[in-house]
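The next block holds one structure in the form of structure tokens; read it before the comments.
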Amino acid sequence: MTKIGLFFGTQTGNTETIAETMQRVFGGEDIVTLHNIADTEVAELESYEYLIVGCPTWNIGELQADWQGLYDELDGIDFSGKKVAYFGPGDQIGYTDNFQDAMGILEEKISQLGGTTVGYWSTDGYDFNESKAVKNGKFVGLALDEDNQSELTDERINTWVAQLKREFGV
Ligand SMILES: Cc1cc2nc3c(=O)[nH]c(=O)nc-3n(C[C@H](O)[C@H](O)[C@H](O)COP(=O)(O)O)c2cc1C
């Protein structure tokens, strides 16, 4: 049983590819366990001390479908004592008024349920109008953009994972 569980949902595969890269950068499956939430019980979130939540924004400011489907069930999970990090791919040009909203929606919910957010990320280098994922001038997690800035993804992941290792203390 690893200490870190990474839970992701995806429509077209980008979030899964990113999750696999993150697992590799962390050091492999002995360090991070991946769960596609399409075939995971929500209760599994409770089995980890540290969580990484990956959700792309879909349908103009909404959660990816599998996360949407279990959103209400999250109320049954006790996140207190857990450090939780968030990431998502979005599209800052096509959806400039809703860039990364899903990450913000999940962070707000899980924080209300006791989770402690780690992995805040600067908005420097992005160009968008509005985002529910920005709090106090920072993204609440790692914002990626496979549609417009895929060349930056690997470097962003490397930097963020190094930050998370410090913040998780692993
Ligand atoms: C119909 C549609 C709606 C989308 N809505 C948003 C949005 O509101 N905000 C955003 O940042 N990205 C939006 N996106 C971009 C996706 O989040 C992005 O392509 C992402 O990489 C998809 O991840 P996935 O392959 O894991 O599903 C949208 C894409 C499509 C096709």
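Share of antiparallel DSSP beta bridges in the chain, in percent to the nearest 5?
Working: 6 of 27 bridges.
Bridges in the chain are about 20 percent antiparallel.
Extension gain for Gln68 to Leu113 (0.36 nm times residue separation, less C-alpha to C-alpha distance): 14.5 nm. Legend: residues Thr159, Thr153, sorted from most to least accessible area (1.4 Å probe; ligands, DNA and RNA excluded), read Thr159, Thr153.
Per-residue 3J(HN,Hα) values for segment 62-74, derived from phi via the Karplus relation 6.51 cos²θ - 1.76 cosθ + 1.60 with θ = phi - 60°, read 10, 5, 4, 4, 5, 5, 4, x, 10, 3, 5, 5, 4 Hz in sequence order (x marks Gly and Pro). Only one residue of Ile31, Gln68, Val42 has its Cα farthest out toward the positive end of the dipole of segment 1-96, where Lys and Arg carry +1 and Asp and Glu -1 on Cβ, and that residue is Ile31. Which residues in segment 102-140 place their backbone N less than 16 Å from a point set 7 Å from the Cα of Glu155 along the Cα-to-Cβ direction? Zone members listed by number: 122-127. Listed by number, the DSSP H helices of the chain that run 27 Å or longer by alpha-carbon position along their axis and have mean Kyte hydropathy of at least -0.5 come to an empty list. Model label points for Glu16 and Lys135, set 7 angstrom from Cα along the Cα-to-Cβ axis, are 3.0 nm apart. Put simply, the amide H of Lys135, placed in the peptide plane, has neighbours under 5 Å in Val140, leaving out anything fewer than 5 places away on its chain. The Glu49 and Asp124 beta-carbon pair, evaluated with R₀ = 25 Å, returns a calculated FRET efficiency of approximately 0.25.
Any idea what the relative contact order of segment 4-168 is, in percent, if you count C-alpha pairs under 8 Å spaced at least 6 apart?
Details: 335 pairs, mean separation 36.3, N = 165.
Relative contact order comes out at 22 percent.
With the simple spin-label model, which puts each label point 7 Å out from Cα in the Cβ direction, the Ala162 to Asp147 separation comes to 3.0 nm.
In segment 4-168, a dipole from Cβ-located charges (positive for Lys and Arg, negative for Asp and Glu) runs towards its positive end, and of Leu113, Asn136, Leu152 it is Asn136 whose Cα lies farthest in that direction. The magnitude of the dipole of segment 4-168, with charges of +1 and -1 set on the Cβ of Lys/Arg and Asp/Glu and taken from the Cα centre, is near 640 debye. Residues Met22, Met1 ordered from highest to lowest accessible area at a 1.4 Å probe: Met1, Met22. Among the listed pairs Lys82/Lys109; Lys132/Lys165; Lys3/Lys138, give every one whose C-alpha distance is greater than 23 Å. Going by Cα-Cα distance, Lys132/Lys165; Lys3/Lys138 fall outside the 23 Å limit. Per residue, the chain exposes an accessible area of 46 Å² to a 1.4 Å probe, with every protein chain left in place. Just the protein heavy atoms count here, and of the accessible area of segment 4-168 at 1.4 Å, carbon and sulfur take up 41 percent.
The values are calculated or read from the model by the stated rules, or taken from the named source; none is laboratory data. Just so we're clear, the structure is a prediction, and the values are computed from it rather than from any experiment. Quick reminder, even Gly has a Cβ in these numbers, built from the backbone with ideal geometry, and neighbours come from all protein chains shown. We work out accessible area using only protein heavy atoms, side chains counted, and drop any ligands, DNA or RNA first. Shrake-Rupley method; radii C 1.70, N 1.55, O 1.52, S 1.80 Å.
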